[in-house]
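This report concerns only the one structure given below.
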Amino acid sequence: MMGSYECFCREGFFLSDNQHTCIQRPEEGMNCMNKNHGCAHICRETPKGGIACECRPGFELTKNQRDCKLTCNYGNGGCQHTCDDTDQGPKCGCHVKFLLHSDGVTCIGERHFQQHVILETFSNETCAVNNGGCDSKCHDAATGVHCSCPMGFMLQPDRKTCKDIDECRLNNGGCDHICRNTVGSFECSCKKGYKLLINERNCQDIDECSFDRTCDHLCINTPGSFQCLCNKGYTLYGLTHCGDVDECSINRGGCKFGCINTPGSYQCTCPAGCKLHWNKKDCVGSVPPRATLTCNKTGKKDSCALTCASKARFQPESDSSYTVSCGTPVLRQGSQQRPANSSQQCLETVVAPIKQKASFKIKDAKCHLHPRAKGKQDEAGKAGAQGGAAPCSDCQVAFVNLKCDSSKKGKGRRARNSSGKEVTRITLEFEAEIKPEETTASCNLHCLRQKVEKKLKSAIKALKKSINQERFLLRFAGMEYEVARKLSVAPERQESCGPGQQRLGTKCVSCSQGTYYHGQTEQCVPCPSGTYQEKEGQLSCDLCPRSDAFGPVGATNITGCTGQCPPGQHSADGFKPCQPCPRGSYQPEVGRALCFPCGGGLTTKHEGALSFQDCDTKVQCSPGHYYNTSVHRCIRCAVGTYQPDFRQNYCIACPGNTTTDFDGSTSVSQCKNRQCGGELGEYTGYIESPNYPGNYPANVECTWNINPPPKRKILIVVPEIFLPSEDECGDVLVMRKNSSPSSITTYETCQTYERPIAFTARSRKLWINFKTSEANSARGFQIPYVTYDEDYEQLVEDIVRDGRLYASENHQEILKDKKLIKAFFDVLAHPQNYFKYTEKHKEMLPRSFIKLLRSKVSSFLRPYK
């Protein structure tokens with residue numbers, strides 16, 4: 001029909017309350033099929049039997065509840081300038097300096113008004129005959145009849161015919177993007193990703209990143225669109241979701257022995273007898289001890305120092321506690337791992353380390369790591385040069401962890417005369433290695449272990465004495481530090497920051513990566529050449545594997561160390577000099593200690609191969625397949641894996657909890673989450689197809705139940721829904737009272753609808769079911785809902801059934817805008833908030849939309865005003 005449209009149903013079905021969905025007709029209780037129903041426009045059958053009449057957009061129901069009268073919402077009521085609705089119908093008015101013509105709709109200037117009246121007296125025509133031949137309005141004049149056209153139409157040269165004005169032909173109607181001519185008017189709309197401003201002419205980019213749940217991790221807004229990014233170790237699926245990458249499925253993570261996947265990362269493991277290489281992937285023999293515990297005795301004074309040339313870590317925990325570790329802990333085996341080649345073993349066998357723990361107390365002192373005074377440093381240096389040195393080098397200490405903690409003494413018998421005094425507790429944990437090659441005929445492994453334990457206990461005893469005598473030091477980067485400060489010693493000046501920090505302005509800031517804290521200058525200085533530091537707030541830098549003074553200053557990780565072997569080469573420690581990978585092997589990474597064999601007796605055309613693609617396979621595998629070196633065939637990637645490249649020997653596991661519909665997948669986009677989405681609240685919520693906004697998986701079934709609180713009913717908004725139309729309703733979304741197929745149905749569809757629709761549930765509770773077939777797939781849906789007080793049922797239904805809610809693209813976009821739909825739901829669920837809402841959001845909504853709500857809400861809440 002002109003200016004609008006109307007839905008019809010096939011025989012045996014009737015149009016539901018939303019005026020779009022067709023529902024099968026019961027055998028009795030409905031009578032709109034009777035042509036004598038009396039409705040001027042639309043007849044609606046009520047659930048309890050009987051009929052209710054409705055009018056097309058732009059018309060209102062009269063008092064007899066059957067006829068429909070024209071309103072200003074249809075063609076501006078035929079008025080040229082202004083239009084006001086009255087009980088008798090539209091009443092036209094004119095702008096300043098214009099007068100209303102006698103036809104009641106046309107406006108003419110004041111100076112032409114008298115001339116017009118004179119001409120009318122000479123008319124011989126009459127409107128009584130065939131409306132004077134006018135297409136629209138006819139007015140008797142002295143010179144005959146005077147024809148006029150409503151707003152948006154132009155009178156043709158024959159002075160009888162009205163023709164629609166195409167406003168879009170001139171300057172695109174003033175629209176930024178799209179101008180669509182309508183009968184008697186026009187409408188501006190925007191490209192996808194933009195929204196129309198309240199002037200209904202200009203378009204503004206939609207900031208999708210401001211919506212809830214747009215992206216799992218990072219969101220970047222772009223003109224007309226947006227982009228989702230994932231944190232390191234995660235990959236994108238379903239357009240907006242991030243799933244953990246199973247690096248162990250990608251060529252075993254490049255690990256030599258075993259691989260353990262972790263959220264956002266992975267870890268390589270090594271067998272007994274091996275330790276993890278600095279590159280965190282290869283396995284090598286035992287790492288030389290890096291913690292040196294030295295004790296000296298001069299007369300009755302014991303002095304001990306823990307020297308850490310590399311792998312030192314400082315961690316302040318509070319104002320009165322900190323932790324320092326030195327060296328590398330003995331390898332701890334992981335539980336779950338994927339072994340690469342169990343035949344590759346290290347030459348050295350690791351025996352269980354000796355672990356000992358010692359705890360000491362210092363009275364009237366507080367944990368405070370600080371540089372030792374210069375005079376004391378000189379004194380300590382002299383003592384260390386004298387004869388009584390007893391280094392614990394034969395203790396084989398590989399790792400030391402020191403924790404210093406100060407606390408007030410508690411109440412009780414032990415605190416009789418010293419309550420409130422500080423007590424500092426120093427706890428040290430030692431790990432010492434046993435080297436099997438040091439066994440002899442007279443001293444086996446057990447004997448060797450007892451000797452090392454004896455030496456370690458002796459060193460701990462000397463250590464206790466040195467701590468009691470305040471002669472225990474920590475040495476980092478050539479500086480000596482004391483672990484605690486006596487309370488009798490004056491505290492440092494306030495402007496001084498703690499270890500690992502320097503003052504910038506009024507704040508204390510931790511030393512950044514690539515720097516370390518110099519205790520003498522109390523400043524952060526760059527790591528020298530040949531060293532690096534990955535962590536913040538440290539007291540020294542770690543040595544590069546070669547321990548040479550080359551490389552950049554301020555390196556932040558081990559990759560800053562120079563001389564690493566390039567891809568296609570290897571060496572014992574991953575640094576130069578390097579050898580090319582022999583024929584039949586390859587290496588795609590830098591700094592590796594091995595090359596991966598092609599397997600299956602395959603070879604390469606040359607030395608120094610970079611990837612498995614350089615191996616001479618018998619067949620060339622396409623994406624979605626991997627080469628099996630045992631049978632020398634291409635095997636399809638299993639369900640839950642994919643491979644996007646040619647000539648690979650592995651398939652990649654789908655990220656997170658996703659899987660594929662079929663085997664042989666070629667892209668991560670085919671990985672889908674099968675979990676049914678949504679949040680079901682008592683007042684608001686939403687349901688979501690699995691993997692939305694990506695395509696939903698095949699052969700999945702979802703069920704949701706919406707149970708509102710007492711005396712509340714359900715309103716559903718379907719902004720848009722995408723279901724494949726070519727599979728003969730294989731994928732279906734249905735909303736019913738319960739799971740019984742014979743229960744009252746509110747909504748059912750198996751097609752795509754990009755036009756939004758709002759409707760009320762025909763039952764107090766809703767059972768929603770979504771079932772897919774194994775054939776096609778589509779984007780699916782995200783459908784919000786709100787529950788509202790049943791006292792406002794008449795108002796809510798009056799709003800959602802009004803055709804003007806969907807009549808323009810501008811109104812349709814409101815039902816698709818996530819921010820505006822939340823505001824719209826607030827009005828629908830709590831209409832008393834409407835007046836506050838319009839003041840707060842009047843700049844967000846088109847005037848026509850606010851006018852629609854105002855007429856509905858005002859008449860409902862203030863019927864007598």
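When the range 142-154 is limited to residues that are closer than 17 Å to residue 102 by Cα and without any contact (Cβ under 8 Å) to a residue 24 or more places away in the chain, the one that is surrounded by the most Cβ atoms within 10 Å (Cβ to Cβ) turns out to be 147. Somewhere in the range 443-457, is a residue within 30 Å of residue 533 (Cβ to Cβ) and crowded, with 18+ Cβ neighbours inside 10 Å? For the range 443-457, residues within 30 Å of residue 533 (Cβ to Cβ) and crowded, with 18+ Cβ neighbours inside 10 Å: present.
Can you tell me how many residues within the range 808-817 are in a helix (DSSP H, G or I) and touching a helix residue (DSSP H, G or I) at 6+ places or on another chain (Cβ under 9 Å)? Working first, answer last.
Filtering the range 808-817 down to residues in a helix (DSSP H, G or I) leaves 809-814.
Now restrict to residues that are touching a helix residue (DSSP H, G or I) at 6+ places or on another chain (Cβ under 9 Å): 810-814.
The number of residues fulfilling the criteria is 5.
Only one of the listed residues (591, 599) is touching a residue at least 40 places away in the same chain (Cβ under 8 Å), crowded, with 18+ Cβ neighbours inside 10 Å and either over 35 Å from the mean Cα position of the chain (by Cα) or on the phi > 0 side of the Ramachandran plot (or both). That residue is 591.
Give the number of residues within the range 630-667 that are hydrophobic (A, V, I, L, M, F, W, C) and not in a loop (DSSP other than H, G, I, E, B).
Going through the range 630-667 one residue at a time, the tally reaches 4.
Within the range 293-319, the residues that satisfy the criterion of being among the β-branched types (Val, Ile, Thr) and modelled with pLDDT under 85 are 294, 298. Give me a count of the residues in the range 582-609 that are farther than 16 Å from residue 280 by Cβ and out of contact with any helix residue (DSSP H, G or I) (no Cβ under 6 Å at 6 or more places or on another chain). Selection size over the range 582-609: 18.
Can you go through 201, 252 and tell me which one is more than 27 Å from the chain's Cα centre (by Cα), of a type in the set (Lys, Arg), under 30 Å from residue 174 (Cα atoms) and outside any strand (DSSP E or B)? Break it down into steps so the answer makes sense when it comes.
Working: 252 fails: under 30 Å from residue 174 (Cα atoms).
Being more than 27 Å from the chain's Cα centre (by Cα), of a type in the set (Lys, Arg), under 30 Å from residue 174 (Cα atoms) and outside any strand (DSSP E or B) holds for just one of 201, 252, which is 201.
Within the range 209-222, which residues are farther than 15 Å from residue 822 by Cβ and either in the same structural domain as residue 823 (by TED's automatic domain parsing) or assigned to a helix (DSSP H, G or I) (or both)?
Keep residues of the range 209-222 that are farther than 15 Å from residue 822 by Cβ, which gives 209, 215-222.
209, the sole residue that qualifies.
Here is the figure for the range 707-730: residues that are farther than 25 Å from residue 812 by Cα and either aliphatic (A, V, I, L, M) or not in a strand (DSSP E or B) (or both) total 10. Of all residues in the range 538-552, those satisfying the criterion of being surrounded by fewer than 23 Cβ atoms within 10 Å (Cβ to Cβ) and either among the charged types (D, E, K, R) or at pLDDT 90 or above (or both) are 546, 548. Checking each residue in the range 613-629 for being under 20 Å from residue 652 (Cβ atoms) and either part of a loop (DSSP other than H, G, I, E, B) or in contact (Cβ under 8 Å) with a residue 60 or more places away in the chain (or both) picks out 617, 620, 621, 622, 623, 624, 629.
Only residues that are buried (at least 17 other Cβ atoms within 10 Å of the Cβ), in a loop (DSSP other than H, G, I, E, B) and at pLDDT below 90 were counted across the range 159-194, and they come to 1.
Would you confirm whether any residue within the range 676-684 is crowded, with 22+ Cβ neighbours inside 10 Å and touching a Cys at 6+ places or on another chain (Cβ under 9 Å)?
Taking the range 676-684 first, the residues crowded, with 22+ Cβ neighbours inside 10 Å are none.
No, because not a single residue in the range 676-684 is crowded, with 22+ Cβ neighbours inside 10 Å and touching a Cys at 6+ places or on another chain (Cβ under 9 Å).
Every residue, every condition in (1) surrounded by 15 or more Cβ atoms within 10 Å (Cβ to Cβ); (2) in the same structural domain as residue 798 (by TED's automatic domain parsing); (3) under 29 Å from the mean Cα position of the chain (by Cα), yes or no:
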| site | (1), (2), (3) |
| --- | --- |
| 714 | yes, yes, no |
| 719 | yes, yes, yes |
| 722 | yes, yes, yes |
| 735 | yes, yes, no |
| 741 | no, yes, no |
| 746 | yes, yes, no |
| 757 | yes, yes, yes |
| 769 | yes, yes, yes |
| 772 | yes, yes, yes |
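Candidates in the range 606-638 are the residues that are surrounded by 14 or more Cβ atoms within 10 Å (Cβ to Cβ) and among the aliphatic types (A, V, I, L, M); of these, the one that is farthest from residue 244 (Cα to Cα) is 609.
Determine which member of the set 473, 543, 539 is assigned by TED's automatic domain parsing to the domain that holds residue 372 and in contact (Cβ under 8 Å) with a residue 24 or more places away in the chain. Every option except 473 fails the conditions.
Answer yes if at least one residue in the range 775-786 is in a helix (DSSP H, G or I), modelled with pLDDT of 75 or more and over 20 Å from residue 761 (Cα atoms), and no otherwise.
Going residue by residue through the range 775-786, those that are in a helix (DSSP H, G or I) are none.
So far as the range 775-786 goes, no, none of its residues is in a helix (DSSP H, G or I), modelled with pLDDT of 75 or more and over 20 Å from residue 761 (Cα atoms).
In the range 195-208, what residues are surrounded by fewer than 19 Cβ atoms within 10 Å (Cβ to Cβ) and free of Cβ contacts under 8 Å to residues at least 40 places away in the same chain? Of everything in the range 195-208, those that are surrounded by fewer than 19 Cβ atoms within 10 Å (Cβ to Cβ) and free of Cβ contacts under 8 Å to residues at least 40 places away in the same chain turn out to be 197, 199, 201, 202, 204, 205, 207.
Using the structure shown, decide if residue 382 is among the basic types (Lys, Arg) and at pLDDT 50 or above. No, not satisfied.
If you check 398, 340, which single one turns out to be surrounded by 18 or more Cβ atoms within 10 Å (Cβ to Cβ), at pLDDT 80 or above and touching a Lys or Arg at 6+ places or on another chain (Cβ under 8 Å)?
Result: 398 is the single residue among 398, 340 that is surrounded by 18 or more Cβ atoms within 10 Å (Cβ to Cβ), at pLDDT 80 or above and touching a Lys or Arg at 6+ places or on another chain (Cβ under 8 Å).
Checked against (1) among the hydrophobic types (A, V, I, L, M, F, W, C); (2) surrounded by fewer than 16 Cβ atoms within 10 Å (Cβ to Cβ); (3) at pLDDT 85 or above, residue 33 passes all but condition (3).
Under 8 Å by Cβ, and 6 or more places apart or on different chains, what pairs join a residue from the range 845-860 that is touching a residue at least 12 places away in the same chain (Cβ under 8 Å) with one that is of a type in the set (Lys, Arg)? Hits for this filter: 848/804; 850/842; 852/804.
Among the residues examined, residue 3 does not qualify as at pLDDT below 80, more than 24 Å from residue 805 (Cα to Cα) and part of a loop (DSSP other than H, G, I, E, B).
The values are calculated or read from the model by the stated rules, or taken from the named source; none is laboratory data. Just so we're clear, the structure is a prediction, and the values are computed from it rather than from any experiment. FYI the Cβ positions are ideal-geometry reconstructions off the backbone, even for glycines, and counts take in every protein chain you see.
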